[in-house]
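A.B. asks: Here's a structure for you.
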Amino acid sequence: MAIDKTLLDRFIHHQCTREEAEQVSRLLHDSPHLLDDYLQEAWREEVTEQMPDNMAQAIAAHLQIAPVAKVSNKRYRIGWMAAAAVVLLLLCAGGWLLQQRRNIPQDHLLVVATAEKNCRLVLPDKSIVWLKANTRLAFDTIQFGRSSRSITLLNGEAFFDIRQDAAHPFVVLSGAVQTRVLGTSFSVRHNAAKEILVMVASGKVAVDHHQQQLDVLLPGKQITINQQTGRFTEQQVPVWLAAAWKETQLQLDNASFADLKTAMEAMYGVRLETTRDKVRRQTYNILLNRYMPAKEVVRALGQLNGLATRQLNDTAFLIY
């Protein structure tokens with residue numbers, strides 16, 4: 001199924017009927033991936049005319065931000081049609097917004113995940129980025145893909161599934177830390193404590209601090225870096241942990257109690273505790289569903305493994 005560009009153009013310019021507008025809204029709501037295809041075309045579209053003033057004002061009014069910068073006669077890799085498509089996304093999906101802001105260079109686009117939910121972004125090279133709620137990243141729409149593919153993670157956490165391209169390394173900038181890859185999947189967390197955390201799900205990732213390489217990470221490796229000093233710690237983690245926060249389901253097979261605890265915290269934000277060595281030595285097989293209440297998951301764990309359970313508080317459970 002494809003999006004009718006003529007219909008979308010009329011929708012953007014408020015020229016379609018009420019029935020057609022409802023049709024577009026339903027289509028993008030039911031099949032949000034169709035907007036990815038539309039945006040991919042917009043990335044490739046060469047633009048020689050500036051965004052109409054009334055459209056820029058309408059976007060600014062809808063987003064309650066400063067007006068989107070106009071596109072000059074210079075040929076940009078993303079134009080006003082792409083900006084209009086983003087407004088469609090805001091209206092129909094509500095997951096993220098794409099805008100130009102005063103505190104970043106004019107040619108950079110700022111992508112903001114809303115506070116309500118995680119979101120998914122397809123980059124011009126078809127790499128995919130998942131942004132955790134309240135995450136912001138930016139990239140240069142002119143230079144991206146020319147000599148390298150560079151993204152700046154301003155804050156929050158993002159999971160990257162990078163399309164392989166040996167000629168154009170993919171770089172994530174997060175403060176003083178650089179994460180460099182060719183084709184792999186990994187997550188980067190940039191938190192308020194000025195620490196950067198990188199976890200690798202597949203492939204190989206090099207991590208630098210102020211241009212000095214700290215280490216090359218393989219799947220299941222996690223590094224935490226102090227931005228100011230460059231000091232870092234490393235540890236082995238389950239391979240699935242890098243992407244667990246974005247998944248709706250997580251299958252554990254013969255997982256240790258330590259990995260079970262990690263999974264429960266990642267999926268539900270709760271802690272598991274125990275006083276019994278038997279519980280610590282046992283392995284666990286369970287499918288975790290994010291939309292199943294944590295209390296029911298813990299109860300199922302107890303029933304499946306012949307263990308008793310008790311809720312200690314809103315975020316902690318005892319298994320014994």
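A.B. asks: Here are some residues: Gln236, Gln228. Which one is farther than 18 Å from Val171 by Cα, of a type in the set (S, T, N, Q), touching a residue at least 24 places away in the same chain (Cβ under 8 Å) and in the same structural domain as Phe186 (by TED's automatic domain parsing)?
C.D. replies: Gln228
Condition check ((1) in contact with a strand residue (DSSP E or B) (Cβ under 6 Å, 6 or more places away or on another chain); (2) touching a residue at least 12 places away in the same chain (Cβ under 8 Å); (3) farther than 24 Å from Lys117 by Cα) across all residues:
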residue	(1), (2), (3)
Lys261	yes, no, no
Met267	yes, yes, no
Arg290	no, yes, no
Glu296	no, no, no
Leu301	no, yes, yes
Gly306	no, no, yes
Arg310	yes, no, yes
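A.B. asks: Residue check, Leu288 against (1) surrounded by 11 or more Cβ atoms within 10 Å (Cβ to Cβ); (2) within 30 Å of Gln178 (Cα to Cα); (3) modelled with pLDDT of 95 or more, all met but one. Which one?
C.D. replies: Result: Leu288 fails condition (2) only.
A.B. asks: Sticking with this structure for a sec: Can you tell me which residues in segment 240-267 are basic (Lys, Arg) and more than 22 Å from Gln311 (Cβ to Cβ)?
C.D. replies: If the condition is that a residue be basic (Lys, Arg) and more than 22 Å from Gln311 (Cβ to Cβ), then Lys246 is the only one that fits.
A.B. asks: When the residues of segment 135-151 are narrowed to those that are without any contact (Cβ under 8 Å) to a residue 60 or more places away in the chain and among the aliphatic types (A, V, I, L, M), which ends up nearest to Glu116 (Cα to Cα)?
C.D. replies: Restricting to residues being without any contact (Cβ under 8 Å) to a residue 60 or more places away in the chain and among the aliphatic types (A, V, I, L, M), the top hit is Leu137.
A.B. asks: Would you confirm whether or not segment 172-191 contains a residue that is over 15 Å from the mean Cα position of the chain (by Cα), assigned to a strand (DSSP E or B), surrounded by fewer than 19 Cβ atoms within 10 Å (Cβ to Cβ) and among the polar types (S, T, N, Q)?
C.D. replies: Scanning segment 172-191, I find no residue that is over 15 Å from the mean Cα position of the chain (by Cα), assigned to a strand (DSSP E or B), surrounded by fewer than 19 Cβ atoms within 10 Å (Cβ to Cβ) and among the polar types (S, T, N, Q), so the answer is no.
A.B. asks: In segment 262-285, how many are buried (at least 18 other Cβ atoms within 10 Å of the Cβ) and under 26 Å from the mean Cα position of the chain (by Cα)?
C.D. replies: 7
A.B. asks: Related question: Pick out the one residue from Ala201, Ala255, Ala206 that is free of Cβ contacts under 8 Å to residues at least 60 places away in the same chain, surrounded by fewer than 19 Cβ atoms within 10 Å (Cβ to Cβ), touching a strand residue (DSSP E or B) at 6+ places or on another chain (Cβ under 6 Å) and of a type outside the set (Lys, Arg).
C.D. replies: Ala206
A.B. asks: Tell me, which strands (runs of 3 or more DSSP E) wholly within segment 218-295 include 2 or more residues that are out of contact with any helix residue (DSSP H, G or I) (no Cβ under 7 Å at 6 or more places or on another chain)?
C.D. replies: Where strands (runs of 3 or more DSSP E) fall fully within segment 218-295 and carry at least 2 residues being out of contact with any helix residue (DSSP H, G or I) (no Cβ under 7 Å at 6 or more places or on another chain), they are 221-226, 232-236, 249-255, 284-289.
A.B. asks: If Lys246 meets every condition in (1) closer than 21 Å to Lys126 by Cβ; (2) at pLDDT 95 or above apart from one, which number is that one?
C.D. replies: Among (1) closer than 21 Å to Lys126 by Cβ; (2) at pLDDT 95 or above, the lone unmet condition for Lys246 is (2).
A.B. asks: Can I ask one more? Scan segment 296-312 residue by residue and report those that are of a type in the set (Lys, Arg) and part of a helix (DSSP H, G or I).
C.D. replies: Residue satisfying the conditions is Arg299 alone.
The values are calculated or read from the model by the stated rules, or taken from the named source; none is laboratory data. Since this is a predicted model, take the numbers as computed values, not measurements. A quick note on method: Cβ atoms are made from the backbone with ideal geometry, for glycine too, and the neighbour counts reach across all protein chains shown.
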